[in-house]
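*Asks:* Input: one structure, supplied below.
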Amino acid sequence: MRTPIIEINDFKGGMTLNPKLGRADQFEKGWNIDFSSKPGFLAPGYAWQAHTYAGSTNLPTEFRHIIHTIRDGNIYLGGENTIIYYKSTGETIDIGADSDQTGMIKGMAEYKNYLYYAQDTTIGRKDLSVAVTAGYTHNWQIALNTADFHPIFVSTNLKMYIGLADDVGSWDGTTFTAAALDLGDNWKIRCLDDFGYLYLAIGANYYTGSYKSSKCKIFLWDRTSPSWNDEIEIPEPEIKAIKYGAGYLWVWAGRSGNVYVVPEGSRKATKVWTFVKESPIQDFEVYPGAVLIRGGTIFFGLSDVDTVSAVKNPNGIYSFPVDPNNFSLNMPFKYADQEIRYKALGLIRGATMTEGDAIYTAYRYYATGAEENRLERERIKTGENFYGVGSYYSFVYETPKNKKFFTECIGITCDPLPTGCNINLSYKLDGGTLTSVFTGFNTANAIEKKEYKKLKGQTLQLFLIMYGGTGTNRPFIKSLYVTGTLLSKI
């Protein structure tokens, strides 16, 4: 057999969302794949499990927040109605309480044995020492500033802070101050987080009567001074979300949901990633409640990508390492190709030796003639089949302009294939439709699969689908290859 004209034997660089640009260890795109558990190899990621309400996976509302409380161990969800939901038995949710105050749940956090939740002009709280449907005081604080977002955040100084339009409210368990910090008229706070131990980071957008923000900043406050202490300029009209971890503040901003990073101690934001927005009138979203950190990895939901732009960067849950020096982009979850809105991600701590720490996602998707709200979690409980279906697109490999290729064989190599796992491999020739090389390859303990394919052309792209098996069984792909030769086009 000839030396491969295409050989892909490393995947650890992640995806570029570009069909032609990247390093040898990168690829165009993929979803629900794992290239970090065994560096250099490719495997499917976790499977996902849908939840139900009243017997239906179409839930009654969108959710902005998913909170797993420490005090009572329950999972609460803040609805875009006036209702606090909770996870009851199995994969079902039910109503904890319906607030008699106005507005959707715009902020949510646990603090000192209470669950706090913000609506239009009020903050309510639930006593976590009593039953899940009891102990609610919906009007704990009233007559507050209204805004589209009321982020609630418990900072490293063990105080709770709330974004109330242009004010930062504070609560230490004894004293509530509705305007502990005033940013000034026209500023609207969208997100809060720490910036190291010294500062509270306040992501705010500036409005002058328009429904769109004209500029944005991150205000840094030591939590005690009468005014903020410093600012970080973000060169975009709007901040979407922020998240601090391991010495870096990550920022999502602009109509394309661009990703910036600011090292602790710095005041300079560096753009790390740009999503492709084909339509100038579209506006991608990263909602403040749809960002979290697990095990040194940041996860965020990219939402409202129009169908044209989604060809290059689909709606989905993306991830990357919290350290920008090791940046690699992944997509652990993608539901479908149509427009989808991810407003909430939650990290649910698993019981010792029976389940892992699972990510929950709440999203709304647009189907023909219908829209549905869903809640799903990673399947990582004892007795479940952990790993699902992973999809991978290679780069588009192109010969020099005066050459074309003639293929002999297309194949893969892998670790010994576990029982119950399946692999499909397809290709696109010269930008045409996907054509199968093989499907349903499941020979236990096999380490290679190839098919003889005689093709002539100038560009070739490979598409791989991997299926997990029972329990922890999943395939680990070592390489993809195409053998043949290069010919003159003349």
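*Asks:* E376 passes all but one of (1) part of a strand (DSSP E or B); (2) touching a residue at least 12 places away in the same chain (Cβ under 8 Å); (3) touching a Lys or Arg at 6+ places or on another chain (Cβ under 8 Å); (4) within 20 Å of A310 (Cβ to Cβ); which number fails?
*Replies:* Only one criterion is unmet by E376, namely (3).
*Asks:* How many residues, within segment 247-286, are without any contact (Cβ under 8 Å) to a residue 24 or more places away in the chain and within 24 Å of H150 (Cβ to Cβ)?
*Replies:* Selection size over segment 247-286: 1.
*Asks:* Here is a further query. Hey, does segment 119-139 have a residue that's modelled with pLDDT under 95 and either over 25 Å from V291 (Cβ atoms) or not assigned by TED's automatic domain parsing to the domain that holds F219 (or both)?
*Replies:* Looking only at segment 119-139, we keep the residues that are modelled with pLDDT under 95, and these are none.
So far as segment 119-139 goes, no, none of its residues is modelled with pLDDT under 95 and either over 25 Å from V291 (Cβ atoms) or not assigned by TED's automatic domain parsing to the domain that holds F219 (or both).
*Asks:* Quick check on this structure: which one of F27, F41 is aromatic (F, W, Y), out of contact with any Asp or Glu (no Cβ under 6 Å at 6 or more places or on another chain), surrounded by 21 or more Cβ atoms within 10 Å (Cβ to Cβ) and not assigned by TED's automatic domain parsing to the domain that holds R377?
*Replies:* Details: F41 fails: surrounded by 21 or more Cβ atoms within 10 Å (Cβ to Cβ).
On inspection, the qualifying residue turns out to be F27.
*Asks:* Does T92 meet the test of being in the same structural domain as L329 (by TED's automatic domain parsing), of a type in the set (V, I, T) and in contact with an Asp or Glu (Cβ under 7 Å, 6 or more places away or on another chain)?
*Replies:* Numbers: in the same structural domain as L329 (by TED's automatic domain parsing): yes; of a type in the set (V, I, T): yes; in contact with an Asp or Glu (Cβ under 7 Å, 6 or more places away or on another chain): no.
Spelling it out, it is not the case that T92 is in the same structural domain as L329 (by TED's automatic domain parsing), of a type in the set (V, I, T) and in contact with an Asp or Glu (Cβ under 7 Å, 6 or more places away or on another chain).
*Asks:* A further question on this structure: Looking at (1) surrounded by fewer than 19 Cβ atoms within 10 Å (Cβ to Cβ); (2) under 16 Å from F149 (Cβ atoms); (3) modelled with pLDDT of 95 or more, which is the one condition that is false for R223?
*Replies:* All conditions are met except number (2).
This table checks each residue for (1) free of Cβ contacts under 8 Å to residues at least 40 places away in the same chain; (2) out of contact with any Gly (no Cβ under 9 Å at 6 or more places or on another chain).
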site: S155; (1), (2): no, yes
site: I189; (1), (2): no, no
site: F219; (1), (2): yes, no
site: R223; (1), (2): no, yes
site: S227; (1), (2): no, yes
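*Asks:* Additional query: Among the residues of segment 287-339, how many are in a strand (DSSP E or B), out of contact with any Lys or Arg (no Cβ under 6 Å at 6 or more places or on another chain) and in contact (Cβ under 8 Å) with a residue 60 or more places away in the chain?
*Replies:* Qualifying residue count for the region: 10.
*Asks:* Another one. In segment 397-418, what residues are under 30 Å from G45 (Cα atoms) and either buried (at least 17 other Cβ atoms within 10 Å of the Cβ) or not assigned by TED's automatic domain parsing to the domain that holds G40 (or both)? Show your work before the answer.
*Replies:* So the first thing to find is which residues in segment 397-418 are under 30 Å from G45 (Cα atoms), and the list is 397-398, 409-418.
Within segment 397-418, Y397, C409, I410, G411, I412, C414, L417, P418 qualify.
*Asks:* Here is a follow-up. Contact list please: Cβ distance under 7 Å, first residue in segment 396-417 and closer than 18 Å to P19 by Cβ, second residue in a loop (DSSP other than H, G, I, E, B), pairs at least six apart or on different chains.
*Replies:* V396/P19; V396/K20; E398/Q458; T399/Q458; F405/T399
*Asks:* Moving on to the next point. Any idea which of A344, A310 is at negative phi, in contact with a helix residue (DSSP H, G or I) (Cβ under 8 Å, 6 or more places away or on another chain) and surrounded by 20 or more Cβ atoms within 10 Å (Cβ to Cβ)?
*Replies:* Numbers: A310 fails: in contact with a helix residue (DSSP H, G or I) (Cβ under 8 Å, 6 or more places away or on another chain).
Of A344, A310, the one residue that is at negative phi, in contact with a helix residue (DSSP H, G or I) (Cβ under 8 Å, 6 or more places away or on another chain) and surrounded by 20 or more Cβ atoms within 10 Å (Cβ to Cβ) is A344.
*Asks:* Here's another thing I want to ask about it. If we only count strands (runs of 3 or more DSSP E) wholly inside segment 40-80, which ones have 3 or more residues that are more than 17 Å from the chain's Cα centre (by Cα)?
*Replies:* Details: elements: 48-50, 63-68, 75-79.
Where strands (runs of 3 or more DSSP E) fall fully within segment 40-80 and carry at least 3 residues being more than 17 Å from the chain's Cα centre (by Cα), they are 75-79.
*Asks:* Hey, among the residues in segment 192-211 that are touching a residue at least 40 places away in the same chain (Cβ under 8 Å) and assigned to a loop (DSSP other than H, G, I, E, B), which one's farthest from A246 (Cα to Cα)?
*Replies:* Y197
The values are calculated or read from the model by the stated rules, or taken from the named source; none is laboratory data. Here the structure is a predicted model, which means the values were calculated and not measured. Backbone-built Cβ (ideal geometry, glycine too); neighbour counts: all protein chains shown.
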